[in-house]
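A short write-up of the structure that comes next.
The values are calculated or read from the model by the stated rules, or taken from the named source; none is laboratory data. Given the structure is predicted, the values throughout are model-derived calculations rather than measurements. With ideal geometry, Cβ positions are generated from the backbone for all residues, glycine too; neighbour counts draw on all protein chains shown. Surface areas here come from the heavy atoms of the whole protein model, side chains and all, with no ligands, DNA or RNA. Shrake-Rupley method; radii C 1.70, N 1.55, O 1.52, S 1.80 Å.
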Amino acid sequence: MIDFAERLVPADQVAAAGFAGVIVYVSELRPGATFDFKPTTRAYTDALRAAGLQVVSVYQYGKPGWVNSPSDFTRGFAGGVADAKTALRLHNAAGGPESAPIFFSVDEDIAADTWKNVALQWFKGINSVLGVPRTGIYGGARQVTWAANDGVIGHSTTPGYQWAWQTKAWSGGARAPMAVLFQATVVTASDPGTMIGDIHVDEDDILAPDFGQWDLAR
């Protein structure tokens, strides 16, 4: 699987590069950002599926360091409710099925107290809209483990796995055993990541048969 760091990769190029599919954003574009892939469109997801590619949904609007749109998890329970409603609306509009989870991003290396006092409340807000079974998390090894231990993410139909998409960033080499996806290549200022044509992409390993893909009966 791939996710994008800068620009949309056409479906035929994803297929030609040999990837299984794309993790798409079911979130609006924050003001000032220039990505051309948020939110995903029905035309794009239809093209992916027509090419035999898998699709997984993720939500991320805010980002660390953006004053007017900080990290989503800082928005508390009410923010979780609002973000989950947005994610569900965009997921549905793009053709996402009711059975598929949506992963919600914790895009920084937060500490345990921040998790307990701030991020956990955001996830509980998300749960109140989506239900725990459809809620997933993106984050480092510690963050996804806390989410699993606190019961705010759902379970894959693959025994022993949950809706955890772990990034190698901030993980210090640790691996969360319940993760269904692992972001093994991450584009940074010092690392160009993987190239498809002239576009930099992150590369994600699939760790379970049911990793949250749309086209799987659950």
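GLU108 - would you say it is closer than 16 Å to GLY212 by Cα and part of a loop (DSSP other than H, G, I, E, B)?
So GLU108 fails the test.
Report yes if ALA87 is open to solvent by less than 20 Å² (accessible area, probe 1.4 Å), assigned to a loop (DSSP other than H, G, I, E, B), modelled with pLDDT of 95 or more and farther than 20 Å from ARG7 by Cα, otherwise no. In short, no. Any residue at all in the range 48-66 that is assigned to a helix (DSSP H, G or I) and not small (Gly, Ala, Ser)? Within the range 48-66, one or more residues are assigned to a helix (DSSP H, G or I) and not small (Gly, Ala, Ser). For the range 10-32, filtered to residues that are surrounded by fewer than 21 Cβ atoms within 10 Å (Cβ to Cβ), aliphatic (A, V, I, L, M) and under 18 Å from the mean Cα position of the chain (by Cα), the residue that is farthest from TRP165 (Cα to Cα) is LEU29. Counting the residues of the range 123-135 that are closer than 16 Å to GLN60 by Cα and either out of contact with any strand residue (DSSP E or B) (no Cβ under 8 Å at 6 or more places or on another chain) or of a type in the set (Ser, Thr, Tyr) (or both) gives 2.
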